[in-house]
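Structure first, commentary second.
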Amino acid sequence: MLASTWRTWPDPLVDYGREAYLAWQVAKGKTLYVDLAHFNGPFSVHLNAAFLQLFGTGILTLALANAALAALCVAMLYSILVRVADRLTATLAGVTFVTLFACGRFVRIGNYNWLCPYSYELPHGVMLGVAALWCLDRYHRTRRPGWLAATGAALGLAALTKTEPLLAAGLAVVLGLGLTVWIERPTGSRLIRLLATFAVGALVPLVATFLFFVTKMPAAEVLRWPLGYWRAASRAEFAALPMYKEGLGIDDVAGNLRKLALATWWYAVILAPGIAAAIVLRRAQRRAALAVVVGLVSMAAAARFVPIEGWLQAARPLPLFLLLTTVGSVAACIRARGEPDRGLRRVLQTALAVFALALLVKMVLNARIYHYGFALAMPATLVLVAALVSWAPALITRAGGEGRALRAAAAGVLVVALGAHLVFMQRLLARQTNVLGEGADAFYGDDRVPPLADLLDEIGRRVRPGQTLVALPEGVLLNYLSRRDSSVPYVQFSPVAMLLWGEANILRSLEASPPDFIALVHRDNRHEGARFFGRDYARTARDWVETGYQPVWRTGAPPLTDGRFGLVLLERNRLAASTR
């Protein structure tokens, strides 16, 4: 997957520039939340800054370092799934993760993968949630309290990433720990020691973060941003934005429910031969060979009747499936209470299912593997693989049927689904033919790249080292690629950024520290409730730009006016500069 998607992972315009720029600035000595505005936890930016310091500044550095983290996540997931299922299931789940999520590309915007994501906090947070469950399993195997400290530490680090993995990991780990105690039945003194060990592990990252930032900003601000960033996600203004309504699926509840029902129906149709064969073959001879035949028939049917684009809707029923799986896992955990080893396996299974289900809340009626699903739907997809390839066949076998028939059918359908996604992905990758950046920063992009490359060359000619550049409303990747600092803490000027920081505060910052150059970059933000900077929002800021700056270079259509792409580079008026 690395080879077939080589250097196509970032998006040249949307969001990813923020990730690269913030890590580069912190590596240079800037302080997050003081010199740089940031609305997530501090873990990912500082981790990526450490990668840049250790291995050299470059997008490829960040991509390969995070590829290594993704590989580590695969290893932990494999270990967990071997514990709650079997090696075949764990292998298929690992291949699914690498194919669909780690390097996947299913929309035009490129940064919905684990290597160059729109927000590193999301995959890092999910990985830390997986790490917490893996450490909990290590405690189950060894009964050593140190592994509970590691579980708590992983959860504490997840609390420094993003709201979604924080909530999902918190629910899963607390439930898993509670069920572990319920199964293990420790003495009172051991229970206190176990809980204290876990609590200390969880508090260490949080206390260390507080002590680090309190030397650079007031304690109240530390509690508000590095440790309290998650409060911004609960603001009512954000819940009303079109992007969140569409993501949740509440923009068209009836339509999304119909799509969910249709996708569920197709699962039933495609897997029906496997289920029927599992019942019929219970008394047949050569059942293993017949199960293989069932698998091949299911593969052929799935390839013949489901179009390639149809597989992109395959994640729609995930919330329903995960709800059923979670209920079943809890029931299995209760039944196994008298058998410690089996019971702890069911505890791990339940915690994994809860983790996966909680991550789906943000897309409950519009579950998908693309867009935010590259991280939020990953655990649920792997749990579904485990349910269809291992858990459901085992139930059928215990009931007297031939579970291998369903196992073969599910595995065959999964192979077709992965192949269809790869074909779809290659169609998008074929459009990534233009190169932006040089050396370790070079990557392939679509038709937006040539004008951005021209602008980058112009910045190199006009903006001297030491001069500042601000891209409006988006385009901070230009700062990173040209190695030109911004003059203000803010890196994006979208409607969401205006809600977060306040247009008045942003304008005051620009007035107090006006950049030498401004790049107007075309960006349609209708998904955030207002299309164009300076026309549909931030009109005062646009007036300030037009008063104090003059255009010195342009390519394409006038930006921020209609659907056509264009870029303008503006230089500060000499009169405005002398007045300053």
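The values are calculated or read from the model by the stated rules, or taken from the named source; none is laboratory data. The structure presented is a predicted model; accordingly, all values stated were derived computationally and were not measured. Counting neighbours? That spans all protein chains shown, and the Cβs are built from the backbone with ideal geometry, glycine included. All accessible areas refer to the heavy atoms of the entire protein, side chains included, with ligands and DNA or RNA removed. Shrake-Rupley method; radii C 1.70, N 1.55, O 1.52, S 1.80 Å.
Assorted remarks:
- Total residues in region 430-439, condition surrounded by fewer than 17 Cβ atoms within 10 Å (Cβ to Cβ) and either in contact with a His (Cβ under 6 Å, 6 or more places away or on another chain) or aliphatic (A, V, I, L, M) (or both): 2
- Hits in region 261-283 - residues which are open to solvent by 90 Å² or more (accessible area, probe 1.4 Å) and closer than 14 Å to V306 by Cβ: L262, W265, W266
- Residue within region 223-245 that is at pLDDT 95 or above, in a loop (DSSP other than H, G, I, E, B), over 30 Å from R342 (Cβ atoms) and open to solvent by 80 Å² or more (accessible area, probe 1.4 Å) present: no
- Meets criteria (crowded, with 20+ Cβ neighbours inside 10 Å, part of a helix (DSSP H, G or I) and either under 26 Å from the mean Cα position of the chain (by Cα) or not charged (D, E, K, R) (or both)) for V207: no
- Those residues of region 210-222 which are surrounded by fewer than 14 Cβ atoms within 10 Å (Cβ to Cβ) and not β-branched (V, I, T), in sequence order: L211, P218, A219, A220
- Count of region 54-67 residues which are assigned to a helix (DSSP H, G or I) and either under 22 Å from D15 (Cα atoms) or open to solvent by less than 20 Å² (accessible area, probe 1.4 Å) (or both): 9
- Remark: pairs (first residue in region 410-438, farther than 16 Å from F101 by Cβ; second residue open to solvent by 30 Å² or more (accessible area, probe 1.4 Å) and in a helix (DSSP H, G or I); Cβ separation under 6 Å; 6+ apart in sequence or on different chains) = A410/L388; G412/M299; V416/M299; V416/A303; N434/P450.
- Region 79-91 residues that are in a loop (DSSP other than H, G, I, E, B), paired with ones that are of a type outside the set (D, E, K, R) (beta carbon under 6 Å, 6 or more apart): A85/A386; A85/S390; D86/S390
- Of residues in region 511-543 being more than 33 Å from the chain's Cα centre (by Cα) and without any contact (Cβ under 8 Å) to a residue 24 or more places away in the chain, the one most open to solvent (accessible area, probe 1.4 Å): D543
- Hits in region 349-387 - residues which are part of a loop (DSSP other than H, G, I, E, B), surrounded by fewer than 24 Cβ atoms within 10 Å (Cβ to Cβ) and within 13 Å of the chain's Cα centre (by Cα): R368, Y370, H371, Y372
- Among the conditions (1) modelled with pLDDT of 95 or more; (2) open to solvent by 30 Å² or more (accessible area, probe 1.4 Å); (3) out of contact with any Pro (no Cβ under 7 Å at 6 or more places or on another chain), A168 misses just one, which is (2).
- Here region 487-500 is the region considered, the condition is being without any contact (Cβ under 8 Å) to a residue 60 or more places away in the chain and hydroxyl-bearing (S, T, Y), and the residue that is surrounded by the most Cβ atoms within 10 Å (Cβ to Cβ) is S494.
- Any hit, region 251-261, residues being farther than 30 Å from A302 by Cα and not polar (S, T, N, Q): yes
- In the set G466, G475, only one residue is open to solvent by 20 Å² or more (accessible area, probe 1.4 Å) and within 13 Å of F517 (Cβ to Cβ); that residue is G466.
- When A199, A261 are screened for being assigned to a helix (DSSP H, G or I), hydrophobic (A, V, I, L, M, F, W, C) and within 25 Å of A351 (Cα to Cα), only A199 passes.
- In region 28-39, the residues that are open to solvent by 10 Å² or more (accessible area, probe 1.4 Å) and under 24 Å from E164 (Cα atoms): Y33, A37, F39
- Flag for A453 being under 22 Å from C116 (Cβ atoms) and open to solvent by 30 Å² or more (accessible area, probe 1.4 Å): no
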